[in-house]
Amino acid sequence: MRNTVDVAVVGGGPVGWMVACELALAGVSVSVHERRTERVKQSRAMTLHPRSLEILALRGLADRFLARGLPLPTAHYGVLDTRLDFSALDTAFPFTLFIPQAVTEALLEERARELGVDIHRGHQVTGLRQDPEGVDVEGTREGGTFRVRARYVVGADGARSIARTLAGIPFQGTETTMSLMLGDVVFGTLPDQPAWTTVNEHGTLMVAPLGDGRHHRVVMNDPLRSGVPVSEPVTLEELARSLRSIEGSDFGMHSPLWLSRFGNETKLAATYRSGRVFLAGDAAHIHLPAGGQGLNVGLQDAMNLGWKLAGVLRGLAPEALLDSYHRERHPVGASLLRNTLSQTALISTFNPAGLALRETVSALLTLPDANRKLAEQIAALDVAYAEPPLPAPPGLDTVSGLPGGRLPDLILRGTEGASHSLYSLYSLMHEGRWLLLRREDSAPRPALTAAWAEWTNVVTADIPAREKDWGAWTSLWVRPDGHLGYVAHGGTP
């Protein structure tokens, strides 16, 4: 088998599907190559955070996920007693969405199929060879081999990424120093509440219902078992024994659906780009899954990369735009590792000093500003990009403190003609294009260059509620990923 595509995506998990959807939406030919023949049934990740729901809403997909998940107004930081309050965040989605990773993956694959993505299961990539014009991807499949010629390759193939290895990108950080246990089980009896956490001198415990009406997820850090290699299987008796040690009872645990062990290996790719090969998701960053952030950051990597690749491949942006992917997302990955390392310290020290530290930090989180800061960090609403990815279009510029930050789903008031209807910002961005938002009285209005015109929707509207924040703006240019690109004030457009 041999074919030619614009982009070959290695890995058919949620991140791979997300980047494939972004590319296909823009009319770019894309193929996904997944080594597994069937979709994974188990779900490591169980949560979508506000920013992930925002980027799904930017493409008109959020309702599909909201219909399958359970909104929760709080989240934990290091399993502290004081929870993070997401209900106070400036977003249309002030909650975490409890939804199994398997459902997230299925919904994104469904969207990829709707967009005509070329999907290949049972494809094990074994070789990548770059030249100035593209990349030859080679591998094995049932009954033979395959070869794909692509202009670019995206490695979204997880922590043991073959794409990263073949591209020669160093993966730097720390190895596993402790292991935790996970089990999806049925309880014979339950405490008063269906979900709870316990931290004491015997370890850390988190329990939550899986949403199927029968199974609960149990996650434990038992210091007596934290030295067991990740490769050693977990048994139901081992899980029950640790639960009795921490909680005093195993609540009649039985019928395990899935038992697993995972570690705190923490690594970051030295670069997210090597020539024509890019990394996204766990291929670029791995860590203890504290706060459920890995999948979410991966989806956000995918959107950032997708629209940039599409713009370059369609001839609407210079190839230099692709350099901004590493420049913008690598610092986000580094911040993610710091965040999860700090939580690791909170959930893995069971001596009096460690328990005292937990009490202190938990008390600090009762302060609204401290709570909001960490909630925004977990939710990824604090991400802002310091430098614009492209030179400013004619008549627009960057203004300190504004461009680069994500925009919530602002309510706009149409002002053109006789229409004064209200609609949302995100509803204008389902096509994955730039959005030029102009006030009715803004002048002059220079013509867009051909490339910008082909890549930009122009809307005349106002944002009454944001007047105090942005002053006398006349035009806002919003990136396809919902971050503010450029602003014009006063006499500019």
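Just so you know, all these numbers are worked out from the coordinates, no wet-lab data involved. As the structure is a computational prediction, the values presented were derived from the model and not from experiment. Glycine gets a Cβ as well: all are built from the backbone with ideal geometry, and neighbour counts include every protein chain shown.
Model label points for Ser255 and Thr189, set 7 angstrom from Cα along the Cα-to-Cβ axis, are 1.9 nm apart. A simple count of charges around His326, restricted to other residues whose Cβ falls under 15 Å of its Cβ and scoring Lys, Arg +1 and Asp, Glu -1, yields +1.
Taking Cα extents along the principal axes in Å straight from the coordinates, which label in [x] 72, 59, 37; [y] 84, 47, 42; [z] 76, 50, 49 is the correct one? Recomputing Cα extents along the principal axes in Å here picks out [x]. Considering only Val154, Asn351, Thr366, and ranking their Cα positions along the charge dipole of the chain that arises from unit charges at the beta-carbon of Lys, Arg, Asp and Glu, the one farthest toward the positive end is Val154.
Packing, as the average of other Cβ atoms within 10 Å across residues, places the peptides 221-229, 128-136 in the order 221-229, 128-136, highest first. Placing +1 on the Cβ of every Lys and Arg and -1 on the Cβ of every Asp and Glu, with no other charges, gives the chain a dipole of roughly 700 debye about its Cα centre. Taking 13 Å as the straight-line reach from the Cα of Lys373, the aspartates and glutamates in range (excluding those fewer than 8 positions away in the same chain) are Asp85, Asp90, Asp382. Along the axis of the charge dipole computed for the chain (Cβ charges of +1 for Lys and Arg, -1 for Asp and Glu, origin at the Cα centre), the listed residues Ala26, Asn264, Pro71 are led at the positive end by Ala26. Each residue of region 379-389 was assigned a 3J(HN,Hα) from its phi angle through the Karplus expression (A = 6.51, B = -1.76, C = 1.60, θ = phi - 60°), giving 6, 6, 7, 8, 6, 9, 10, 6, 10, x, x Hz with x at Gly and Pro. Bridging of Lys41 to aspartates and glutamates at a Cα separation below 13 Å is possible for Glu105, Asp184, once same-chain residues fewer than 8 apart are set aside.
Rounded to the nearest 10 degrees, the inclination of helix 352-364 to the longest alpha-carbon principal axis of the chain is 40 degrees.
The amide H of His215, built 1.01 Å from its N in the peptide plane, has Leu210 as neighbours under 5 Å, considering only residues 5 or more places off or on other chains. For Pro256, what charge total do you get from the other residues with a beta carbon under 15 Å from its beta carbon, if Lys and Arg give +1 and Asp and Glu give -1? Residues close to Pro256 contribute a combined charge of 0. Based on Cα contacts under 8 Å between residues 6+ apart, region 1-102 shows a relative contact order of 28 percent.
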